[in-house]
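Below is one structure, written out as C-alpha coordinates; the observations come after it.
The values are calculated or read from the model by the stated rules, or taken from the named source; none is laboratory data. No experiment lies behind these values; they were computed from the predicted model shown. Cβ placement follows ideal geometry from the backbone for every residue including glycine, while neighbour counts extend to all protein chains displayed. Protein only, heavy atoms only, side chains kept; ligands, DNA and RNA dropped before computing areas. Shrake-Rupley method; radii C 1.70, N 1.55, O 1.52, S 1.80 Å.
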Amino acid sequence: MIKLRNIKGTHDILPEESCKWRHLEDIIHKICAQYGYQEIRTPIFEQSKLFSKSVGEDSDIVTKEMYSWEDRSNTFLTLRPELTASVVRAFNQHNLRNLSPTQRLYYIGPLFRREKPQKGRQRQFHQFGIETFGSNLAEQDAEVIVLAWQILSHLGLDKKINLQLNSIGTDVCRSAYREALKKFLKPHLHELSEVSKRRFETNPLRILDTKNEKEISILKNAPLINDYYSEEDKEHFNEVKTYLDASNIPFNVNFRLVRGLDYYTKTVFEITSSELGSQDALLGGGRYDSLVEQLGGKPTPAIGFAAGIERILLLLKEKDLKISKPTPDIYFICHEKAGIPASLSIAKKLRVKGFKVVSDTLRRSMKAQMRDANKIGARFVLILGASELQKNDITLKNLRNSEQIKIKQNDIVDFFETLNN
Ligand code: HAM
(Lines give C-alpha, C1' and ligand atoms only; values in the text may rest on other atoms or scores of the structure.)
Protein backbone atom coordinates (compact mmCIF):
# COMPACT_ATOMS: atom_id res chain seq x y z
CA MET A 1 0.00 0.00 0.00
CA ILE A 2 1.30 3.46 -0.83
CA LYS A 3 1.20 5.74 2.18
CA LEU A 4 -0.39 8.97 0.97
CA ARG A 5 1.01 12.30 2.09
CA ASN A 6 -0.24 15.87 2.07
CA ILE A 7 0.62 18.15 -0.89
CA LYS A 8 3.92 20.06 -0.71
CA GLY A 9 3.41 23.50 0.82
CA THR A 10 0.27 22.47 2.75
CA HIS A 11 0.13 21.58 6.44
CA ASP A 12 -2.03 19.52 8.74
CA ILE A 13 -3.00 21.45 11.83
CA LEU A 14 -2.91 18.79 14.54
CA PRO A 15 -4.75 19.13 17.90
CA GLU A 16 -1.57 20.40 19.62
CA GLU A 17 -1.60 23.32 17.16
CA SER A 18 -5.32 23.77 16.54
CA CYS A 19 -5.92 25.01 20.09
CA LYS A 20 -3.47 27.87 19.35
CA TRP A 21 -5.38 28.67 16.16
CA ARG A 22 -8.67 28.76 18.06
CA HIS A 23 -7.14 31.02 20.70
CA LEU A 24 -5.91 33.42 18.03
CA GLU A 25 -9.24 33.30 16.19
CA ASP A 26 -11.10 34.09 19.42
CA ILE A 27 -8.95 37.21 19.87
CA ILE A 28 -9.59 38.26 16.25
CA HIS A 29 -13.38 37.83 16.64
CA LYS A 30 -13.33 39.73 19.94
CA ILE A 31 -11.25 42.69 18.78
CA CYS A 32 -13.03 43.01 15.41
CA ALA A 33 -16.34 43.16 17.29
CA GLN A 34 -14.92 45.93 19.51
CA TYR A 35 -14.48 48.02 16.36
CA GLY A 36 -17.90 47.16 14.90
CA TYR A 37 -16.63 44.75 12.22
CA GLN A 38 -18.78 41.85 11.05
CA GLU A 39 -17.56 38.55 9.66
CA ILE A 40 -17.89 37.69 5.97
CA ARG A 41 -17.21 34.24 4.48
CA THR A 42 -16.83 33.93 0.73
CA PRO A 43 -16.28 30.82 -1.44
CA ILE A 44 -12.85 29.23 -1.71
CA PHE A 45 -12.96 29.46 -5.51
CA GLU A 46 -14.05 32.21 -7.85
CA GLN A 47 -13.94 33.02 -11.55
CA SER A 48 -10.29 33.50 -12.57
CA LYS A 49 -10.99 36.90 -14.11
CA LEU A 50 -11.94 38.32 -10.70
CA PHE A 51 -8.28 38.11 -9.69
CA SER A 52 -6.67 39.10 -12.99
CA LYS A 53 -8.91 42.21 -13.11
CA SER A 54 -8.12 43.26 -9.54
CA VAL A 55 -4.76 41.96 -8.34
CA GLY A 56 -3.21 42.80 -11.74
CA GLU A 57 -2.37 40.94 -14.96
CA ASP A 58 1.32 41.47 -14.34
CA SER A 59 1.42 40.69 -10.61
CA ASP A 60 3.36 37.65 -9.34
CA ILE A 61 0.08 36.21 -8.10
CA VAL A 62 -1.62 36.28 -11.50
CA THR A 63 1.40 35.48 -13.68
CA LYS A 64 2.68 32.48 -11.76
CA GLU A 65 1.00 31.67 -8.48
CA MET A 66 -2.67 30.94 -9.10
CA TYR A 67 -4.19 27.46 -8.92
CA SER A 68 -6.56 27.69 -11.88
CA TRP A 69 -8.47 25.24 -14.02
CA GLU A 70 -11.19 25.09 -16.60
CA ASP A 71 -14.27 23.33 -15.31
CA ARG A 72 -16.65 21.15 -17.30
CA SER A 73 -18.75 24.10 -18.38
CA ASN A 74 -15.67 25.84 -19.78
CA THR A 75 -15.48 28.45 -17.02
CA PHE A 76 -12.01 29.35 -15.77
CA LEU A 77 -11.88 29.02 -12.01
CA THR A 78 -9.20 29.84 -9.43
CA LEU A 79 -8.61 28.92 -5.79
CA ARG A 80 -8.62 32.33 -4.14
CA PRO A 81 -5.07 33.68 -3.78
CA GLU A 82 -6.25 36.64 -1.67
CA LEU A 83 -9.54 37.86 -0.26
CA THR A 84 -9.89 41.56 -1.07
CA ALA A 85 -11.18 40.83 -4.59
CA SER A 86 -13.68 38.26 -3.31
CA VAL A 87 -14.97 40.63 -0.62
CA VAL A 88 -15.36 43.45 -3.16
CA ARG A 89 -17.22 41.06 -5.47
CA ALA A 90 -19.57 40.11 -2.63
CA PHE A 91 -19.95 43.78 -1.61
CA ASN A 92 -21.09 44.64 -5.14
CA GLN A 93 -23.18 41.55 -5.73
CA HIS A 94 -25.24 41.93 -2.54
CA ASN A 95 -25.45 45.75 -2.70
CA LEU A 96 -23.98 45.99 0.77
CA ARG A 97 -23.47 49.67 0.06
CA ASN A 98 -27.21 50.16 0.50
CA LEU A 99 -27.21 48.72 4.02
CA SER A 100 -25.19 51.48 5.63
CA PRO A 101 -22.83 54.25 4.49
CA THR A 102 -19.83 52.37 5.88
CA GLN A 103 -19.42 48.61 5.80
CA ARG A 104 -16.85 47.07 8.13
CA LEU A 105 -16.09 43.46 7.27
CA TYR A 106 -13.52 40.93 8.46
CA TYR A 107 -12.57 37.40 7.48
CA ILE A 108 -10.48 34.42 8.50
CA GLY A 109 -9.75 31.68 6.00
CA PRO A 110 -7.42 29.70 3.72
CA LEU A 111 -5.78 31.00 0.55
CA PHE A 112 -3.71 29.39 -2.16
CA ARG A 113 -0.59 30.58 -3.94
CA ARG A 114 1.83 28.37 -5.84
CA GLU A 115 4.99 29.83 -4.34
CA LYS A 116 8.18 27.98 -3.44
CA PRO A 117 7.51 26.61 0.05
CA GLN A 118 9.89 27.71 2.80
CA LYS A 119 9.70 28.84 6.44
CA GLY A 120 6.70 31.16 6.66
CA ARG A 121 5.62 30.51 3.08
CA GLN A 122 3.08 27.85 2.21
CA ARG A 123 0.97 27.06 -0.82
CA GLN A 124 -2.11 26.84 1.34
CA PHE A 125 -1.92 29.48 4.04
CA HIS A 126 -4.42 31.40 6.14
CA GLN A 127 -5.15 35.06 6.58
CA PHE A 128 -7.32 37.16 8.76
CA GLY A 129 -8.10 40.54 7.39
CA ILE A 130 -10.53 43.41 7.28
CA GLU A 131 -12.03 45.44 4.47
CA THR A 132 -13.94 48.61 5.09
CA PHE A 133 -16.01 50.47 2.54
CA GLY A 134 -17.47 53.96 2.28
CA SER A 135 -15.04 56.46 3.82
CA ASN A 136 -12.23 58.21 1.97
CA LEU A 137 -11.11 60.04 5.11
CA ALA A 138 -7.85 59.59 6.97
CA GLU A 139 -9.56 58.56 10.22
CA GLN A 140 -10.70 55.41 8.39
CA ASP A 141 -7.10 54.59 7.46
CA ALA A 142 -6.10 55.16 11.08
CA GLU A 143 -8.89 52.91 12.39
CA VAL A 144 -7.78 50.03 10.14
CA ILE A 145 -4.12 50.33 11.12
CA VAL A 146 -4.90 50.76 14.83
CA LEU A 147 -7.06 47.62 14.73
CA ALA A 148 -4.21 45.64 13.13
CA TRP A 149 -1.81 46.95 15.75
CA GLN A 150 -4.18 46.19 18.62
CA ILE A 151 -4.54 42.54 17.63
CA LEU A 152 -0.77 42.10 17.38
CA SER A 153 -0.12 43.94 20.67
CA HIS A 154 -2.83 41.92 22.40
CA LEU A 155 -0.73 38.90 21.44
CA GLY A 156 2.33 40.54 23.00
CA LEU A 157 4.02 41.07 19.63
CA ASP A 158 4.30 44.87 19.68
CA LYS A 159 7.98 44.78 20.69
CA LYS A 160 8.84 42.49 17.77
CA ILE A 161 7.12 44.32 14.94
CA ASN A 162 7.71 47.32 12.76
CA LEU A 163 5.01 49.27 10.90
CA GLN A 164 6.04 50.77 7.58
CA LEU A 165 3.83 53.36 6.04
CA ASN A 166 3.70 55.09 2.68
CA SER A 167 1.30 56.84 0.38
CA ILE A 168 1.49 55.93 -3.29
CA GLY A 169 -0.84 58.83 -4.11
CA THR A 170 -3.73 58.96 -6.51
CA ASP A 171 -3.51 58.06 -10.24
CA VAL A 172 -2.19 61.46 -11.35
CA CYS A 173 0.64 61.39 -8.82
CA ARG A 174 1.50 57.80 -9.64
CA SER A 175 1.67 58.29 -13.38
CA ALA A 176 3.96 61.33 -13.01
CA TYR A 177 6.15 59.35 -10.61
CA ARG A 178 6.12 56.33 -12.94
CA GLU A 179 7.52 58.50 -15.74
CA ALA A 180 10.18 60.00 -13.45
CA LEU A 181 11.23 56.57 -12.24
CA LYS A 182 11.45 55.27 -15.83
CA LYS A 183 13.55 58.26 -16.81
CA PHE A 184 15.89 57.57 -13.92
CA LEU A 185 16.11 53.83 -14.64
CA LYS A 186 16.49 54.03 -18.43
CA PRO A 187 20.31 54.47 -18.42
CA HIS A 188 20.55 51.46 -16.03
CA LEU A 189 18.24 49.23 -18.03
CA HIS A 190 21.04 46.92 -19.19
CA GLU A 191 22.03 46.34 -15.53
CA LEU A 192 18.56 45.25 -14.44
CA SER A 193 17.35 41.66 -14.02
CA GLU A 194 14.99 40.16 -16.59
CA VAL A 195 12.06 40.52 -14.18
CA SER A 196 12.80 44.21 -13.61
CA LYS A 197 13.27 44.80 -17.36
CA ARG A 198 9.78 43.43 -17.87
CA ARG A 199 8.42 45.51 -14.99
CA PHE A 200 10.07 48.59 -16.48
CA GLU A 201 7.50 48.28 -19.25
CA THR A 202 4.50 47.00 -17.32
CA ASN A 203 4.70 48.36 -13.76
CA PRO A 204 7.98 50.19 -12.96
CA LEU A 205 6.95 50.93 -9.34
CA ARG A 206 7.27 47.21 -8.59
CA ILE A 207 11.02 47.46 -9.30
CA LEU A 208 11.23 49.27 -5.94
CA ASP A 209 10.30 45.90 -4.36
CA THR A 210 13.48 44.24 -5.61
CA LYS A 211 15.65 42.07 -3.37
CA ASN A 212 18.53 42.21 -5.89
CA GLU A 213 21.59 43.95 -4.26
CA LYS A 214 22.71 45.59 -7.50
CA GLU A 215 19.25 47.02 -8.16
CA ILE A 216 18.94 48.18 -4.55
CA SER A 217 22.17 50.17 -4.95
CA ILE A 218 21.01 51.67 -8.27
CA LEU A 219 17.70 52.67 -6.65
CA LYS A 220 19.45 54.55 -3.82
CA ASN A 221 19.43 57.69 -5.96
CA ALA A 222 16.03 57.13 -7.53
CA PRO A 223 13.36 59.83 -7.23
CA LEU A 224 10.91 59.39 -4.36
CA ILE A 225 7.15 59.41 -4.67
CA ASN A 226 6.58 62.14 -2.08
CA ASP A 227 7.90 64.73 -4.53
CA TYR A 228 4.94 63.91 -6.79
CA TYR A 229 2.10 64.06 -4.24
CA SER A 230 -0.82 66.35 -5.02
CA GLU A 231 -1.99 68.70 -2.25
CA GLU A 232 -4.80 66.24 -1.52
CA ASP A 233 -2.38 63.28 -1.28
CA LYS A 234 -0.12 65.26 1.04
CA GLU A 235 -2.95 66.34 3.30
CA HIS A 236 -4.43 62.84 3.50
CA PHE A 237 -1.06 61.29 4.34
CA ASN A 238 -0.27 63.95 6.96
CA GLU A 239 -3.62 63.36 8.62
CA VAL A 240 -3.06 59.58 8.71
CA LYS A 241 0.31 60.15 10.41
CA THR A 242 -1.20 62.60 12.92
CA TYR A 243 -3.97 60.16 13.84
CA LEU A 244 -1.51 57.30 14.25
CA ASP A 245 0.65 59.47 16.52
CA ALA A 246 -2.45 60.33 18.53
CA SER A 247 -3.16 56.60 18.88
CA ASN A 248 0.41 55.91 20.03
CA ILE A 249 1.16 53.65 17.09
CA PRO A 250 4.86 53.80 16.16
CA PHE A 251 5.61 53.76 12.42
CA ASN A 252 8.37 54.43 9.90
CA VAL A 253 7.60 56.26 6.71
CA ASN A 254 9.11 54.32 3.80
CA PHE A 255 8.65 56.12 0.48
CA ARG A 256 9.86 53.00 -1.33
CA LEU A 257 7.11 50.79 0.03
CA VAL A 258 4.95 49.61 -2.86
CA ARG A 259 2.77 46.55 -2.62
CA GLY A 260 2.67 43.59 -4.99
CA LEU A 261 -1.01 44.00 -5.83
CA ASP A 262 -2.22 46.54 -8.39
CA TYR A 263 -5.33 47.92 -6.72
CA TYR A 264 -3.76 50.27 -4.17
CA THR A 265 -4.08 54.05 -4.06
CA LYS A 266 -2.83 56.51 -1.41
CA THR A 267 -2.06 54.82 1.95
CA VAL A 268 -0.17 51.51 1.91
CA PHE A 269 1.38 49.78 4.91
CA GLU A 270 3.15 46.65 6.01
CA ILE A 271 3.98 45.20 9.40
CA THR A 272 7.19 43.20 9.39
CA SER A 273 9.30 41.38 11.96
CA SER A 274 13.03 40.77 11.66
CA GLU A 275 12.52 37.59 13.74
CA LEU A 276 10.72 35.95 10.81
CA GLY A 277 13.71 35.60 8.47
CA SER A 278 13.31 36.18 4.75
CA GLN A 279 9.48 36.00 4.79
CA ASP A 280 9.28 38.91 7.19
CA ALA A 281 5.90 40.43 6.25
CA LEU A 282 3.33 39.69 8.88
CA LEU A 283 0.60 41.88 7.51
CA GLY A 284 0.00 44.16 4.55
CA GLY A 285 -2.71 46.45 3.35
CA GLY A 286 -3.79 49.77 2.00
CA ARG A 287 -6.43 51.90 0.39
CA TYR A 288 -8.07 50.80 -2.86
CA ASP A 289 -10.46 53.58 -3.78
CA SER A 290 -11.05 52.49 -7.41
CA LEU A 291 -11.46 48.73 -7.07
CA VAL A 292 -15.17 48.64 -6.25
CA GLU A 293 -15.92 50.60 -9.43
CA GLN A 294 -13.39 48.60 -11.43
CA LEU A 295 -15.29 45.44 -10.50
CA GLY A 296 -18.64 46.88 -11.59
CA GLY A 297 -19.89 48.63 -8.44
CA LYS A 298 -20.67 52.28 -7.72
CA PRO A 299 -17.55 54.31 -6.89
CA THR A 300 -16.82 53.54 -3.23
CA PRO A 301 -13.59 54.25 -1.34
CA ALA A 302 -12.19 51.33 0.64
CA ILE A 303 -9.25 50.24 2.73
CA GLY A 304 -8.15 47.02 4.41
CA PHE A 305 -5.34 44.70 5.37
CA ALA A 306 -4.61 40.99 5.67
CA ALA A 307 -2.26 39.18 8.03
CA GLY A 308 -0.71 35.73 7.64
CA ILE A 309 -1.89 33.53 10.51
CA GLU A 310 0.96 31.00 10.15
CA ARG A 311 3.49 33.84 10.36
CA ILE A 312 1.86 35.22 13.50
CA LEU A 313 1.98 31.78 15.10
CA LEU A 314 5.63 31.41 14.10
CA LEU A 315 6.38 34.60 15.95
CA LEU A 316 4.42 33.70 19.03
CA LYS A 317 6.21 31.73 21.68
CA GLU A 318 4.23 29.33 23.86
CA LYS A 319 4.37 31.71 26.81
CA ASP A 320 2.81 34.51 24.76
CA LEU A 321 -0.22 32.40 24.03
CA LYS A 322 -1.34 31.64 27.60
CA ILE A 323 -3.36 28.68 26.37
CA SER A 324 -4.66 26.02 28.68
CA LYS A 325 -5.52 22.90 26.77
CA PRO A 326 -9.10 21.78 27.27
CA THR A 327 -9.25 18.97 29.83
CA PRO A 328 -12.30 16.81 30.62
CA ASP A 329 -14.19 17.23 33.88
CA ILE A 330 -15.02 13.57 34.07
CA TYR A 331 -13.53 10.33 32.76
CA PHE A 332 -16.14 7.56 32.68
CA ILE A 333 -14.95 4.02 33.31
CA CYS A 334 -17.41 1.20 32.80
CA HIS A 335 -15.82 -2.22 33.11
CA GLU A 336 -18.99 -4.28 33.02
CA LYS A 337 -20.65 -4.84 29.66
CA ALA A 338 -24.09 -4.88 31.27
CA GLY A 339 -23.44 -1.36 32.60
CA ILE A 340 -22.75 0.23 29.20
CA PRO A 341 -26.35 1.41 28.53
CA ALA A 342 -26.48 3.11 31.96
CA SER A 343 -23.01 4.63 31.52
CA LEU A 344 -23.93 6.05 28.10
CA SER A 345 -27.14 7.51 29.46
CA ILE A 346 -25.45 9.14 32.51
CA ALA A 347 -22.60 10.51 30.39
CA LYS A 348 -25.10 12.03 27.96
CA LYS A 349 -27.07 13.70 30.78
CA LEU A 350 -23.87 15.19 32.19
CA ARG A 351 -22.82 16.52 28.77
CA VAL A 352 -26.23 18.07 28.23
CA LYS A 353 -25.66 19.97 31.50
CA GLY A 354 -22.38 21.24 30.09
CA PHE A 355 -19.82 18.89 31.65
CA LYS A 356 -16.96 17.55 29.56
CA VAL A 357 -17.11 13.78 29.80
CA VAL A 358 -14.78 11.29 28.11
CA SER A 359 -15.99 7.69 28.09
CA ASP A 360 -13.71 4.74 27.50
CA THR A 361 -14.69 2.83 24.36
CA LEU A 362 -11.95 0.20 24.39
CA ARG A 363 -13.06 -1.80 27.44
CA ARG A 364 -9.51 -1.75 28.74
CA SER A 365 -8.34 -2.80 32.18
CA MET A 366 -9.18 -0.54 35.13
CA LYS A 367 -5.46 0.26 35.52
CA ALA A 368 -5.09 1.33 31.87
CA GLN A 369 -8.18 3.52 32.06
CA MET A 370 -7.06 5.22 35.29
CA ARG A 371 -3.70 5.94 33.63
CA ASP A 372 -5.52 7.44 30.64
CA ALA A 373 -7.75 9.59 32.89
CA ASN A 374 -4.67 11.02 34.64
CA LYS A 375 -2.86 11.55 31.35
CA ILE A 376 -5.60 13.64 29.79
CA GLY A 377 -5.99 15.68 32.98
CA ALA A 378 -9.53 14.64 34.00
CA ARG A 379 -10.66 16.02 37.35
CA PHE A 380 -12.97 13.16 38.33
CA VAL A 381 -13.39 9.51 37.41
CA LEU A 382 -16.75 7.79 37.50
CA ILE A 383 -16.59 4.02 37.83
CA LEU A 384 -19.44 1.70 37.00
CA GLY A 385 -18.61 -1.93 37.83
CA ALA A 386 -20.51 -5.06 38.83
CA SER A 387 -21.07 -4.07 42.48
CA GLU A 388 -22.18 -0.52 41.57
CA LEU A 389 -24.57 -1.93 38.98
CA GLN A 390 -26.19 -4.18 41.54
CA LYS A 391 -26.80 -1.32 43.95
CA ASN A 392 -27.68 1.32 41.33
CA ASP A 393 -24.85 3.52 42.44
CA ILE A 394 -21.59 4.73 41.00
CA THR A 395 -18.09 5.33 42.40
CA LEU A 396 -16.73 8.83 42.12
CA LYS A 397 -13.01 9.46 42.50
CA ASN A 398 -11.53 12.92 42.74
CA LEU A 399 -8.17 12.71 40.95
CA ARG A 400 -6.88 15.88 42.61
CA ASN A 401 -7.06 14.51 46.19
CA SER A 402 -7.79 10.78 45.55
CA GLU A 403 -10.98 10.92 47.68
CA GLN A 404 -13.51 8.31 46.71
CA ILE A 405 -17.26 8.15 47.45
CA LYS A 406 -20.30 6.26 46.25
CA ILE A 407 -23.35 8.11 44.88
CA LYS A 408 -26.72 6.91 43.63
CA GLN A 409 -26.83 6.87 39.82
CA ASN A 410 -29.94 9.08 39.86
CA ASP A 411 -28.17 11.71 41.97
CA ILE A 412 -25.01 12.06 39.91
CA VAL A 413 -26.10 14.97 37.70
CA ASP A 414 -27.36 16.94 40.73
CA PHE A 415 -24.11 16.20 42.52
CA PHE A 416 -21.98 17.75 39.77
CA GLU A 417 -24.34 20.68 39.37
CA THR A 418 -24.11 21.52 43.11
CA LEU A 419 -20.34 21.16 42.91
CA ASN A 420 -20.27 23.68 40.07
CA ASN A 421 -22.27 26.33 41.97
P1 HAM B 1 -0.51 40.23 0.81
O2 HAM B 1 0.61 41.15 1.21
O3 HAM B 1 -0.38 39.51 -0.46
O4 HAM B 1 -1.82 41.11 0.85
O5 HAM B 1 -0.72 39.16 1.97
C6 HAM B 1 -0.93 39.54 3.31
C7 HAM B 1 -0.18 38.62 4.26
O8 HAM B 1 -0.47 37.26 3.98
C9 HAM B 1 1.35 38.70 4.13
O10 HAM B 1 1.85 39.79 4.85
C11 HAM B 1 1.76 37.37 4.76
O12 HAM B 1 1.77 37.46 6.17
C13 HAM B 1 0.63 36.44 4.33
N14 HAM B 1 1.05 35.60 3.19
C15 HAM B 1 1.04 35.95 1.89
N16 HAM B 1 1.49 34.92 1.12
C17 HAM B 1 1.78 33.91 1.97
C18 HAM B 1 2.27 32.57 1.80
N19 HAM B 1 2.52 32.05 0.60
N20 HAM B 1 2.44 31.82 2.91
C21 HAM B 1 2.18 32.31 4.14
N22 HAM B 1 1.71 33.56 4.35
C23 HAM B 1 1.50 34.35 3.29
C24 HAM B 1 -3.06 40.66 0.51
O25 HAM B 1 -3.35 39.51 0.41
C26 HAM B 1 -4.08 41.78 0.40
N27 HAM B 1 -5.36 41.17 0.02
C28 HAM B 1 -4.17 42.53 1.71
C29 HAM B 1 -5.21 43.59 1.72
C30 HAM B 1 -6.45 43.51 2.24
N31 HAM B 1 -5.09 44.78 1.16
C32 HAM B 1 -6.21 45.45 1.33
N33 HAM B 1 -7.05 44.67 1.98
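About the centre of its Cα atoms, the chain shows a dipole size close to 1840 debye [charges on the beta carbon of Lys, Arg (+1) and Asp, Glu (-1) only; nearest 20 debye]. Projecting the Cα atoms of Gln294, Val195, Tyr263 onto the charge dipole of the chain, computed from C-beta unit charges around the Cα centre, puts Val195 farthest toward the positive end.
Accessible surface calculations at 1.4 Å, restricted to protein heavy atoms, place the chain at 53 Å² per residue. Across region 392-407, computed HN-Hα scalar couplings (Karplus, 6.51 cos²θ - 1.76 cosθ + 1.60, θ = phi - 60°) run 6, 10, 8, 8, 10, 10, 8, 6, 6, 10, 6, 5, 9, 9, 10, 9 Hz from first to last residue, x flagging Gly and Pro. Across the chain, the convex hull enclosing all Cα atoms gives 219 Å³ per residue. In a reduced charge model with +1 at each Lys and Arg Cβ and -1 at each Asp and Glu Cβ, region 83-178 shows a dipole moment near 660 debye about its Cα centre. Is the C-alpha gyration tensor of region 1-105 telling us rounded, prolate or oblate? Criteria: a/c under 1.5 is rounded; beyond that, a/b larger than b/c is prolate, otherwise oblate. Here region 1-105 falls in the oblate category. Of the trypsin sites (Lys or Arg not before Pro) found in region 138-206, those that fall in a DSSP loop while having at most 15 other beta-carbon atoms within 10 Å are Lys159.
Peptides 138-144, 16-22, 339-345 ordered by packing proxy, namely the average of other Cβ atoms within 10 Å per residue, highest first: 138-144, 339-345, 16-22. Of the residues Pro204, Gly36, Ile218, the one whose Cα sits farthest towards the positive end of the charge dipole of the chain is Gly36 (charges of +1 on Lys and Arg Cβ, -1 on Asp and Glu Cβ, taken about the Cα centre).
Remark: the Gln34-Asp414 segment gains 133.0 nm on full extension, using 0.36 nm per residue and subtracting the alpha carbon distance. For His154 and Leu189, the FRET efficiency from 1/(1 + (r/R0)^6), where r spans their Cβ atoms and R0 equals 56 Å, is about 0.75. Taken along the Cα-to-beta-carbon direction at a fixed 7 Å, the label points for Ile323 and Ile27 span 1.1 nm.
Extension gain for the segment Lys211 to Lys234, taken as residue separation times 0.36 nm less the Cα-Cα distance, is 5.4 nm to one decimal. The antiparallel fraction among DSSP beta bridges confined to the chain stands at about 80%. Spin-label model, Thr10 to Arg178: label points 7 Å out along the Cα-to-beta-carbon direction sit 3.8 nm apart. Protein heavy-atom surface of the chain, 1.4 angstrom probe: 50% of the accessible area is carbon and sulfur, with nucleic acids and ligands not counted. For region 25-146, the relative contact order works out to 25 percent when only alpha carbon pairs closer than 8 Å and six or more residues apart are counted.
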